[in-house]
Amino acid sequence: MLKKIIVLSVVSTIALLSMACSDDAEDACEHINEKCASQQGFTANDCAKSNDEYDKLTDAQKEQADKLIECVMDKDSCEAITGCLTSGAGG
């Protein structure tokens, strides 16, 4: 059950991650793909559109996305990344 929650959390918040800034957005997306690839039910994300999505955000949304990306890039496991996603970058 916990694995399903983790996978659903990652999948449901991947859109926000794909909105992060510059090359960092693509890097964070790829980092998630790498760290979560072994999770049952996880589907790798297309990271190529991350920069385009970021450009569509308001300044406040960009600030939130930047914090999220920083948290994700600091983590070395899918569970830790999920903590970032579920806590709004505080994990």
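Values quoted throughout were computed directly from the atomic coordinates according to the rules given, and no laboratory measurement underlies them. Note that the structure is a prediction, hence the values are computed from the model and not measured. Counting neighbours? That spans all protein chains shown, and the Cβs are built from the backbone with ideal geometry, glycine included.
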**Asked** When you go through (1) surrounded by fewer than 17 Cβ atoms within 10 Å (Cβ to Cβ); (2) in contact with an Asp or Glu (Cβ under 7 Å, 6 or more places away or on another chain) one by one for residue 69, which number turns out not to apply?
**Response** (1)
**Fill in**
Cβ pairs under 7 Å, 6+ apart or interchain, first in the stretch 25-38 and of a type in the set (Lys, Arg), second surrounded by 16 or more Cβ atoms within 10 Å (Cβ to Cβ), ordered by first then second residue, are 35/78; 35/81
**Asked** Looking at the stretch 42-86, which of its residues are over 19 Å from residue 30 (Cβ atoms) and part of a loop (DSSP other than H, G, I, E, B)?
**Response** 56, 57, 58
